[in-house]
Amino acid sequence: LAALTLVLVPAVAAADASGYRFELTPMVGYNFGGTIEGEDSFLFDSDLEANDGESFGITFDIPLSRSLQLELLASRQSTELTFDDGLFGPNFDVADFDVTYYHVGILWQGQSGRISPFFVASLGIGELDPNIQGASSETRFSGSIGGGVKIFFDAAQHVGLRLEGRGFWTDISDDH
């Protein structure tokens, strides 16, 4: 935290002097599920699917220059792990499953006007928390990449809407 604070303080001062502003964005989204392969799990021999579902979180963007921002992200999705035996086989819920991401990244945005396209990449941790007897929460390395557009409602760029598509990857292999 101390090292991060030392990095952020100069960025904050530069942002204030240059007229660029912080951006605090509450997020509501929809995450598409993923697969936990049986070979990566000590609890199951078969693949499990994480169901699609709602997510929520927050991003805090700190301007580094006119087109670069340091982004801090926290996001959470509560879903279920499901066993899917194919088109004609049975499907059943195995357990509740929570996924929480904490990431630090870089956001590059194009023009600075009312409509600003952007690209973002981040690294951090993913906390995987299955509600299964004999299993515990695990924290794993994760990354994300995405892009979208910021649409500001006022010329001063105080209030706006951020539309984004982002993919997350979490290392769940046992090769540690």
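The values are calculated or read from the model by the stated rules, or taken from the named source; none is laboratory data. Values in this document were obtained by computation on a predicted structure and should not be read as measured data. Cβ atoms come from the backbone with ideal geometry, glycine included; neighbour counts cover every protein chain shown. Just so you know, the surface numbers come from the protein's heavy atoms only, side chains and all, with ligands and any DNA or RNA stripped out. Shrake-Rupley method; radii C 1.70, N 1.55, O 1.52, S 1.80 Å.
A few notes on this one:
- All conditions in (1) modelled with pLDDT under 95; (2) within 18 Å of the chain's Cα centre (by Cα); (3) part of a strand (DSSP E or B); (4) not basic (Lys, Arg) hold for Thr82, with the sole exception of (2).
- Tally of residues being of a type in the set (A, V, I, L, M, F, W, C), modelled with pLDDT of 85 or more and buried (at least 16 other Cβ atoms within 10 Å of the Cβ) across region 85-120: 5
- Selected residue (only one of Ser173, Ser136 is farther than 15 Å from Thr59 by Cβ, polar (S, T, N, Q) and in contact (Cβ under 8 Å) with a residue 40 or more places away in the chain): Ser173
- In region 33-79, residue modelled with the lowest pLDDT [restricted to those that are acidic (Asp, Glu) and open to solvent by less than 70 Å² (accessible area, probe 1.4 Å)]: Asp40
- Considering residues of region 121-176 that are open to solvent by less than 60 Å² (accessible area, probe 1.4 Å) and in a loop (DSSP other than H, G, I, E, B) only, the residue modelled with the highest pLDDT: Asp171
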